[in-house]
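K.L.:
I am attaching a structure below and will ask some questions about it afterwards.
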Amino acid sequence: MRGLLFRLVARLYASLFLGLLAGIALVYLVADFGDRLNVFLDKPLSAIGELYWHKLMQTSHQLAPAAMLLAAGATASVLRKTSEWTAIQALGGSRWTLVAPVLVCAGLSAGGMVAFDELVVTKSGEKVDHMMLHVFGRWGDYGLYYLPKQWYRVGDAIVQVRGRDDAGRLSDVSVYHVDERFRLAWRADAVTMESARGAAWRLTDVTRRTFDPGGALTSERFDTLEVTLAGSDPLSFAIRQGRPELMPTVTLIEQQALRARVGLPSQQYLLALHNRFAYPFTGVAAALFALTLALRRGRKGYLTQALFEGLLVSVVLFTVTLVARGLVMGEHLPAWVAAWAPVAMLTSLGALLWRLEERAPRPRVVAA
């Protein structure tokens, strides 16, 4: 009997989850298409279809936790509405009879989201960014993430890299060397820069300007010039461009370490790494919280109320996530705290409501 009830609840939850995810993803994409309609007027349908296929992959991942939350509340409401929840209790079932299959399904969905993000969303997201610029002529924030202009702090030097040539060498490079008082001692502007060995770097077509403490300026030209950047190695400038949330996990770990070593901001990369796992499991915690709300005593089986509560929780959760992200970018909050705080918050609230419900006095039945 327990196995039958488990399968009944799991099947209901899975169908509601998939239906709600498809519905809200469709609404989002239709709204997005309407907002960008003027961009697509003279573009081929095949390009538009390809763009929205990749957007669907992204959107499905982004909206999955909200769908997990809404489906949990809807599952409890449907079972109450059809009196199946009363029948389950009459057969000796407890709240765990409903909670266990929902959490198992939500946990499996969260694990699938991690793999889906790693294998599919990372590629689809980059495809969307590139298509919006190269096919539809819309920059958006493409330049913020994909253009190669970067500043690096390496030992006593500050290096500005503006691009890479066809051979993969750093191009249009400026090296600024500062003294112990952080005054500019010399500056070298080169067409290319590549690793020579260890901390040594070879500059080509170089103009070097030396700044004397007295204010005199000396300028020299070199076909090639070798400089030593203390603490660097051939991988020091292997900084990958792109959105951190669209990078594979291994790349995120490498880039976070590389950026921290050359003095570039790395908190966004660390946040993206934690969110790769925390964001999907936010849906599991949200499903538990939604079930706790929907199973409280005296609650009627109103599906509309369950969906409204779910949407309200989703808005609060989205707001908390945005605020936490802003605090991480401002270096006011550790990345791991921002990523896992929503999971901890929802789990704690769900456990608290569950405990309060258990301690609440049960209605007394007076014999006639």
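K.L.:
Could you identify the single residue in Gly3, Gly49, Gly93 that is surrounded by 16 or more Cβ atoms within 10 Å (Cβ to Cβ) and either farther than 28 Å from Met247 by Cβ or free of Cβ contacts under 8 Å to residues at least 40 places away in the same chain (or both)?
P.N.:
Exactly one residue qualifies, and that residue is Gly93.
K.L.:
Would you mind finding the one in Asp141, Asp172 that is loosely packed, with under 14 Cβ neighbours inside 10 Å and more than 30 Å from Leu8 (Cα to Cα)? Full working, then the answer.
P.N.:
Values: Asp172 fails: loosely packed, with under 14 Cβ neighbours inside 10 Å.
Within the list Asp141, Asp172, the selection yields Asp141.
K.L.:
Now, a different point. Could we say that Ala106 is part of a helix (DSSP H, G or I) and farther than 30 Å from Lys43 by Cα here?
P.N.:
yes
K.L.:
Hey, could you check the range 96-144 for residues that are touching a residue at least 40 places away in the same chain (Cβ under 8 Å) and of a type in the set (Phe, Trp, Tyr) and say which is nearest to Thr59 (Cα to Cα)?
P.N.:
Among those that are touching a residue at least 40 places away in the same chain (Cβ under 8 Å) and of a type in the set (Phe, Trp, Tyr), it is Phe116.
K.L.:
I've got another one for you. If Phe182 meets every condition in (1) on the phi > 0 side of the Ramachandran plot; (2) modelled with pLDDT of 90 or more apart from one, which number is that one?
P.N.:
(2)
K.L.:
Still on this structure, I have one more. Among the residues of the range 57-83, write down those that are without any contact (Cβ under 8 Å) to a residue 40 or more places away in the chain and over 18 Å from Ala286 (Cα atoms).
P.N.:
Thr59, Ser83
K.L.:
Which ones in the range 277-336 are without any contact (Cβ under 8 Å) to a residue 24 or more places away in the chain and of a type in the set (S, T, N, Q)?
P.N.:
Thr304, Thr319, Thr321
K.L.:
Restricting to the range 68-84, name every residue that is closer than 15 Å to Phe6 by Cβ and surrounded by fewer than 24 Cβ atoms within 10 Å (Cβ to Cβ).
P.N.:
Within the range 68-84, Leu79, Glu84 meet the criteria.
K.L.:
Looking only at the range 321-344, which residues are surrounded by 16 or more Cβ atoms within 10 Å (Cβ to Cβ) and closer than 23 Å to Leu103 by Cβ?
P.N.:
Residues satisfying the conditions are Thr321, Ala339, Trp340, Ala341, Pro342, Val343.
The values are calculated or read from the model by the stated rules, or taken from the named source; none is laboratory data. These numbers were taken from a predicted model, which means no experiment stands behind them. So basically every Cβ, Gly included, is an ideal-geometry build from the backbone, and we count neighbours across all protein chains shown.
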